[in-house]
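Take a look at the structure below.
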Amino acid sequence: MSSVLDVFRFRRKNTPLHRLDPRAKFAILVLFSAASLILNDLASLLLVLVAEVALLAVARSAGEWLRSLKGLSMLVAMILALNYLTLPSNRLFTALTLALRFICLTTAFSVFFLTTAADELATALEASGLPREYSIMFTMSLRFVPSLARDLQTISDALRCRGLELEKGGLRTRIRNYTYLLVPLIVYELRRSLMIAEALEARGFGALKRVEPYVELRLGRADYAAIATSCALLALTVALRFTSLYEAFVRLQLSIFGEL
Amino acid sequence: MALVELIDVHFRYAGSEEYALRGVSLEAEEGEFVLLVGPSGCGKSTLLRVLNGLIPHFYEGDFRGVARVAGLDVPKTPPHVLARHVGMVFQDPENQLFLSSVEREIAFGLENMGLPRSEIRRRVREVLELFGLEELKDRAPYELSGGQQQKVAIASVMALEPRVLAMDEPTANLDPISALEILSLVSRLTREKGVLAIVVEHRLELALRFATRMVVMDGGRIVASGDPRRVVLEASRLVGFPPVVVAHQLLRNRGLIGGAPPLTPEALSEEILGVIGWRR
Ligand SMILES: Nc1ncnc2c1ncn2[C@@H]1O[C@H](COP(=O)(O)OP(=O)(O)OP(=O)(O)O)[C@@H](O)[C@H]1O
Ligand SMILES: [Mg+2]
C-alpha cells in the first residue's frame with residue numbers, strides 16, 4: 001500500500017528539476033501525459049519513457065520510481081494479460097503498447113510529484129487565483145497520505161493480531177472483514193482531522209481569503225526554457241502524430257510483430 | 001488586569017451529559033510557568049481550549065462564566081484574533097506541522113495574519129535564531145526527530161508573538177532528555193520574554209522543577225493551586241509522588257532533614273550534602 005503511494009511522495013533534494021517552478025513542472029507533466037495518451041505505438045512510447053527516466057535521473061529519483069514500479073507490476077501484468085487474451089488482432093503489439101502507456105502516464109505523474117512539494121504547488125495555485133482555503137485543503141490532502149497509509153497499516157496489524165485474516169475467505173467474508181477495518185479507520189481519521197483543524201485554528205488560519213505568501217514565486221530563465229520546450233515538443237508531437245509518416249511508422253512496427 | 005482571567009467557567013460539550021468544566025476560576029500573570037495536572041478526563045485539555053477560544057467557537061456546547069485573555073473577552077473574540085495572543089502546542093507534532101520546510105512552517109501563521117512579506121521574513125529570521133533552528137530551516141519537519149519537531153511546533157506558534165503559551169502534553173512523545181530540553185526552553189521564554197506558559201504535563205519528575213505554580217484539577221474543578229512544593233504534597237492522592245519527594249519525606253520522617261520538598265534530585269543531593277557537612 002504505502003510503497004505504491006511512494007511514487008508520488010515528495011522528497012526534498014537539490015537538483016535542477018527540484019528547483020524548477022511548479023508551473024514549469026506542470027508544463028512538463030502536461031507534455032508527457034498528453035504524449036502518452038495520443039501516441040499509439042510501442043517505439044514512440046518507449047521514447048517518451050526514456051525521456052521521463054532521463055528527467056528522473058537528473059532529479060536523482062530514479063531509485064524511488066523503480067521501487068514503486070515494483071508495486072505497480074501486478075497492475076501492468078493484468079493490463080498486458082487481459083488485452084492479449086481479448087483483442088481480436090495485433091494482440092501482442094497492442095497489449096504491450098497499452099501497458100507501456102500506463103507506465104508512461106504514472107511515470108509522468110511521479111516525475112511531477114517526486115520533485116514538487118505539495119505546498120509549493122499550492123502556492124502556485126494560489127498565485128493563479130485559487131482561494132487559500134482550497135489550496136490549504138489540497139496541501140493537507142497530499143501531506144496526510146503517508147499518515148493515512150500508516151494508520152491503515154496499524155489497524156490491519158491490530159486486527160491480524162486478534163486473528164482476523166483480511167485476505168482469506170469468500171467475497172462476503174472479505175467484505176465483512178474490510179468493514180472491520182474501515183470503521184476504526186474512519187474513527188481514527190475523524191479524530192486526526194479534528195486535531196488538524198484545531199492546530200490550524202491555533203495558527204490563525206481562516207481569517208483571510210488572500211494573503212501574501214512567504215515564498216515568492218518567480219519564473220526564472222530555466223523555467224521559461226522548460227515551459228517553451230514543453231510547448232514546442234507537444235506541438236511537434238501532435239503535428240507528427242497526424243501525418244501519413246506516423247501511419248507508416250506504425251505499420252512498420254506491426255509488420256515486425258507479424259502474426260503475434 | 002491579569003493576563004489570563006477565568007471566573008466560574010462551566011462548559012459542557014454538545015452531545016455529552018456531563019459538564020467537563022464545573023466552575024473553574026484561575027488568574028495568571030506574565031512570566032509564570034503554570035503546571036497543570038490531574039487525572040485523565042479531569043478537563044485539562046478542555047481548560048486550554050477555553051484559553052485560545054477553540055471553546056466556545058470551534059467546539060459547540062454550553063459555555064458559562066467569564067473568560068478573559070490579554071484583556072479580550074474570549075466568547076466575543078474570534079479564534080484567529082486570539083491566536084495572536086495565545087499560542088497552542090499539542091501533544092502530537094505530526095498533526096500540527098503541515099508544510100514542506102521548517103522555514104515555511106514558521107511563516108504559515110504570519111501569512112495567515114496577512115503581514116507583508118518583508119515583515120514575515122524578519123520575524124521568521126528572528127524566531128529561527130531564538131530557537132536555534134537556522135541549520136534546520138530547509139529541512140522538512142517530518143524528517144526531524146521528535147524533539148526537533150516539537151521545537152518547530154513551539155517556534156511556529158511563538159512567531160505570532162503571543163503572550164500566553166498553552167501546551168497540552170507537549171513532551172508525551174519524547175524521551176526524557178528531549179522532554180527536559182523542551183521544558184527548559186519554555187521556562188526560558190517565561191523568564192526572558194515574560195511569556196505566561198500553561199503546561200499540561202504528566203511527568204512531574206521532569207516538569208516540577210520549572211513550575212512557578214502548580215494547578216491540580218479533578219472532575220472539572222481546580223482543587224489545588226499554588227507553590228509547587230506545597231501543592232505536590234497536598235494533591236499527591238491525585239498526581240502521585242515523584243520519587244524525589246518520596247525520598248525527601250522518608251528522610252524527614254527520620255528527622256534527618258527538614259523543610260519543604262526539593263523539586264529535583266540535584267536539589268535533594270545538595271540538601272543532604274549540606275546536612276552531612278560536606279564542602280566542595
Ligand atoms: N470533543 C469532545 N466531545 C465531547 N466530550 C469531550 C470532548 N473532549 C473531551 N470530552 C470530555 O470532557 C471531559 C474532559 O476531557 P479532557 O480532554 O479535557 O480531559 P483531560 O484532562 O485533558 O484528559 P487526558 O489527561 O486524558 O488528556 C472528559 O469527560 C471527556 O470525555
Ligand atoms: Mg487532554
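For region A:181-200, heavy-atom accessible area (probe 1.4 Å) falls by no less than 30 Å² from the chain alone to the full protein assembly at A:Arg192, A:Leu194, A:Met195, A:Glu198, A:Ala199.
Summarising the strand pairing of the protein assembly as shown, around 55 percent of its internal DSSP beta bridges are antiparallel.
Rounded to two decimal places and with Rh computed the Kirkwood way over Cα pairs, what is Rg over Rh for region B:1-76? It would help to have the intermediate numbers written out before the result.
Working: Rg = 12.0 Å, Rh = 12.7 Å.
When Rh is taken as the Kirkwood radius, the ratio is 0.95.
The radius of gyration of the Cα set in region B:93-161, together with its Dmax, comes out at 10.8, 32 angstrom.
Think of the protein assembly as shown as having a plus end and a minus end, set by charges on the Cβ of Lys, Arg, Asp and Glu; of A:Ala99, B:Leu36, A:Trp65, A:Ala99 sits farthest toward the positive end of this dipole.
Put a plus charge on the Cβ of each Lys and Arg, a minus charge on the Cβ of each Asp and Glu, and nothing anywhere else: the dipole of the protein assembly as shown about its Cα centre is then about 740 debye.
Calculate what fraction, in whole %, of the accessible area of chain A sits on carbon and sulfur atoms when a 1.4 Å probe is rolled over the protein chains. C and S atoms contribute 69 percent here. Here the accessible area of region B:93-161 is 44 percent carbon and sulfur, with a 1.4 angstrom probe and all protein chains present.
For chain B, the longest principal axis of the C-alpha atoms and the axis of helix B:117-130 are separated by about 20°. Under the convention that each Lys and Arg Cβ holds +1 and each Asp and Glu Cβ holds -1, the size of the dipole of region A:184-224 around its Cα centre is about 80 debye.
For region A:157-260, rounded, prolate or oblate, judged on the Cα gyration tensor with a ≥ b ≥ c (square roots of eigenvalues), a/c < 1.5 rounded, else prolate if a/b > b/c? Each step should come with its number before you reach the end.
Numbers: a/c = 4.67, a/b = 1.27, b/c = 3.67.
It is oblate, given that a/c is not under 1.5 and a/b is not larger than b/c.
Across the options B:Gly23, B:Pro228, A:Val48, the greatest Cα extent toward the positive end of the charge dipole of the protein assembly as shown (unit charges at beta carbon of Lys, Arg, Asp, Glu) belongs to A:Val48. With N the number of residues in the protein assembly as shown, Rg(Cα) / (2.2 N^0.38 Å) evaluates to 1.24. In degrees from 0 to 90, rounded to the nearest 10, what is the angle of the helix B:265-275 Cα long axis to the longest principal axis of chain B? For B:265-275 against chain B, the angle is about 30 degrees. Its relative contact order, with pairs defined as Cα atoms under 8 Å and 6+ residues apart, puts chain A at 32 percent.
Take the protein assembly as shown with all the other protein chains still there, run a 1.4 Å probe, and you get 49 Å² of accessible area per residue. Using just its DSSP H runs of length 4 or more, each adding -39500 (n - 2.57), chain A gives a mean residue ellipticity at 222 nm of -25500 deg cm²/dmol after division by all residues. Based on C-alpha pairs under 8 angstrom that are at least 6 apart in sequence, region B:1-70 has a relative contact order of 48 percent. Hydrophobic, long helices, defined as DSSP H runs whose alpha-carbon span along the helix axis is 27 Å or greater and whose mean Kyte-Doolittle value is at least 0.0, occur in chain A at A:62-86, A:91-115, A:171-202, A:221-241. Interface size, chains A and B: roughly 3600 Å² of accessible area buried, both sides included, 1.4 Å probe, rounded to the nearest 100. Only Cα sites of region B:241-280 enter the Debye sum here, all with the same form factor; the resulting log10 I(q)/I(0) across q = 0.26 1/Å is -0.86, listed in q order.
For the pair region B:95-125 and region A:171-219, the centres of their Cα atoms are 20 angstrom apart. Over region A:130-218, all Cα pairs binned in 5 Å intervals from 0 give whole-percent P(r) values of 3, 11, 16, 17, 13, 10, 9, 7, 6, 4, 2, 0, listed from short to long. Taken over the Cα atoms of chain A, the convex hull encloses 168 Å³ per residue.
Derived from the Cα gyration tensor, the three semi-axes of the equivalent ellipsoid of chain B are 33, 26, 16 Å, largest first.
Taken about its Cα centre, region B:64-203 carries a charge dipole of roughly 660 debye when the Cβ of each Lys and Arg holds +1 and the Cβ of each Asp and Glu holds -1.
Considering chain A as a Gaussian network with a 10 Å cut-off on Cα pairs, which listed residue, A:Asp223, A:Asp41, A:Asp157, attains the greatest mean-square fluctuation? The residue that fluctuates most here is A:Asp157. In this view, the solvent-accessible surface of B:Asp218, computed with a 1.4 Å probe and all protein chains in place, comes to about 50 Å².
Tell me, what is the percent relative contact order of region A:39-129, built from C-alpha pairs under 8 Å that lie six or more residues apart? Answer for region A:39-129 is 38 percent.
Under 5 Å from the amide H of B:Ser25 lie the amide H atoms of B:Asp8, B:Val9, B:Ile222, each residue being 5 or more positions distant or on a separate chain, with H modelled from the backbone and absent for Pro and chain starts.
Shown for region B:70-113: residues covered by the partner protein chains by 40 Å² or more of accessible area relative to the chain by itself (probe radius 1.4 Å), namely B:His80, B:Phe90, B:Glu94, B:Asn95, B:Phe98, B:Ser100, B:Arg104, B:Phe108, B:Glu111, B:Asn112.
If you take every DSSP beta bridge whose two residues both sit in chain B, what share of them, in percent to the nearest 5, is antiparallel? Display every interim value, and only then the final one.
Numbers: 21 of 38 bridges.
Expressed as a percentage, antiparallel bridges in chain B total about 55.
Calculate for chain B the 222 nm mean residue ellipticity that helices alone would give, adding -39,500 (n - 2.57) per DSSP H run of length 4 or more and normalising by residue count, nearest 500 deg cm²/dmol. The per-residue figure over chain B is -11000 deg cm²/dmol. Selection among B:His57, A:Leu159, B:Met113 by position relative to the dipole of the protein assembly as shown gives A:Leu159 as farthest towards the positive end (Cβ unit charges, Cα centre).
The values are calculated or read from the model by the stated rules, or taken from the named source; none is laboratory data. Just so it is clear, the structure is predicted and the values come from calculations on it, not from any experiment. FYI the Cβ positions are ideal-geometry reconstructions off the backbone, even for glycines, and counts take in every protein chain you see. Heavy atoms of the whole protein, side chains included, go into the accessibility calculation; ligands, DNA and RNA do not. Shrake-Rupley method; radii C 1.70, N 1.55, O 1.52, S 1.80 Å.
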